[in-house]
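Student: Just dropping this structure here.
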Amino acid sequence: MRCENCGAQMKSGRENYLYTECGLDSVTLMNVEVRRCPDCGEYEVDIPRIDELHRLIAQEVASKKARLTPKEVRALRKYLGFSGTDFAAVLDVTPETVSRWETGKKQMSPVAERALRLMVFVRDPVAEYPLEKLAEVAQGEAIPLRMMLRESRAHWKAEAAAAA
Ligand SMILES: [Zn+2]
C-alpha cells in the first residue's frame, strides 16, 4: 500500500495505539494494524468494527465508579448523538451549563451524571447494566478511566480498565 501523502511504500505492523480520536486520552487499542510511511510519517490505523468499539468505550466509561471527567462527559454526550443544546434540553439545564461541564469549569450534579450514564445503556441495551449499579457510581474525584481494548475472536474486549 502506498502513502497517500508522498507515494512511498507504507510499512505495516501491529502496535498498541493510543486512540485519542475517540475524544479521550486514556484509551489504548491493543495490537491493531498500523501502516506507517517511512518517508513522511503519515500513518493509517485499521480499526475493525468501529461502532462496536465506540459502544464498548462508552459503556466502560458509563460503568466506572469515579466521577466523570469533563472529556468523558463530552465523549458520552457525543456518543449519544446530542448537540450541546439538545443535551441541555434533555437534562433541563442551560447550554452554558453543559459547556461548563465539558470544560471543567463546573462539575455535573451527581443526579445529572447518573442520568447521562443511564442514557448510554438505554440507547444501546447490549450490555447488562443492573440499575442497582447506579448506586455505586459517580463517587469520589473525577479520574479518567484508563482502558486497554483488544479485539479477539471477532469482538472488542476491555482487557484492562482501571477500577476507577
Ligand atoms: Zn509518505
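Student: Given 10 Å bins starting at zero, what is the percent of C-alpha pairs of the chain in each, up to the one with the largest pair distance?
Tutor: 10, 35, 30, 17, 8, 1
Student: Same structure again: Against the 2.2 N^0.38 Å scaling, with N counting residues, where does segment 1-95 land? I'd like the Cα-based Rg ratio to two decimal places. Please report the intermediate quantities before stating the final value.
Tutor: Working: Rg = 17.3 Å, N = 95, 2.2 N^0.38 = 12.4 Å.
Ratio of Cα Rg to 2.2 N^0.38 Å: 1.39.
Student: Short version: ³J(HN,Hα) in whole Hz for each residue of segment 56-62, in order, from phi by Karplus 6.51 cos²θ - 1.76 cosθ + 1.60 (θ = phi - 60°), x for Gly and Pro, what are they?
Tutor: Values per residue, Gly and Pro as x: 4, 4, 4, 6, 5, 5, 5 Hz.
Student: Multiply the residue gap between Thr85 and Asp51 by 0.36 nm, knock off their C-alpha separation, and tell me the result in nm, one decimal place.
Tutor: Values: separation 34, 0.36 × 34 = 12.24 nm, distance 2.41 nm.
So the chain would gain 9.8 nm between Thr85 and Asp51.
Student: Follow-up. Between Phe121, Ala66, Ala154, whose Cα lies farthest towards the positive end of the dipole of segment 11-161 when Lys and Arg beta carbons carry +1 and Asp and Glu beta carbons carry -1, centred on the Cα centre?
Tutor: The Cα lying farthest towards the positive end belongs to Ala66.
Student: Something else now. In Å², what does the accessible area per residue of segment 11-161 work out to with a 1.4 Å probe?
Tutor: Averaged over the residues of segment 11-161, the accessible area is 55 Å².
Student: Then there is this: Restricting to the chain, compute how many DSSP beta bridges are antiparallel as a %, nearest 5.
Tutor: Working: 18 of 24 bridges.
Around 75 percent antiparallel, to the nearest 5.
Student: Given the rule -39500 (n - 2.57) for each run of at least 4 DSSP H residues, summed and divided by the residues of the chain, what is its mean residue ellipticity at 222 nm, to the nearest 500 deg cm²/dmol?
Tutor: -10000 deg cm²/dmol
Student: Only Lys, Arg, Asp and Glu count, each charged at its Cβ (+1, +1, -1, -1), so figure out the dipole size of the chain about its Cα centre, rounded to 20 debye.
Tutor: With Lys and Arg at +1 and Asp and Glu at -1, about 280 debye.
Student: Give me the percent of the accessible area of the chain that comes from carbon and sulfur atoms, probe 1.4 Å, all protein chains in place.
Tutor: That fraction is 50 percent.
Student: Report, by chain and number, residues whose modeled amide H sits under 5 Å from the one on Ala161, excluding near sequence neighbours (fewer than 5 apart, same chain).
Tutor: Close amide H contacts, sequence-distant or interchain: Met148.
Student: Still on this structure, please answer the following. Hey, can you grab everything whose amide H is under 5 Å from the amide H of Asn31? Only 5+ residues off in sequence or another chain; H modelled, so Pro and N-termini drop out.
Tutor: For Asn31, the qualifying residues are Glu15, Asn16, Tyr17.
The values are calculated or read from the model by the stated rules, or taken from the named source; none is laboratory data. No experiment lies behind these values; they were computed from the predicted model shown. Positions of Cβ are backbone-derived with ideal geometry, glycine not excepted, and every protein chain shown enters the neighbour counts. To get the accessible areas, we keep the full protein, side chains included, count just its heavy atoms, and leave off ligands, DNA and RNA. Shrake-Rupley method; radii C 1.70, N 1.55, O 1.52, S 1.80 Å.
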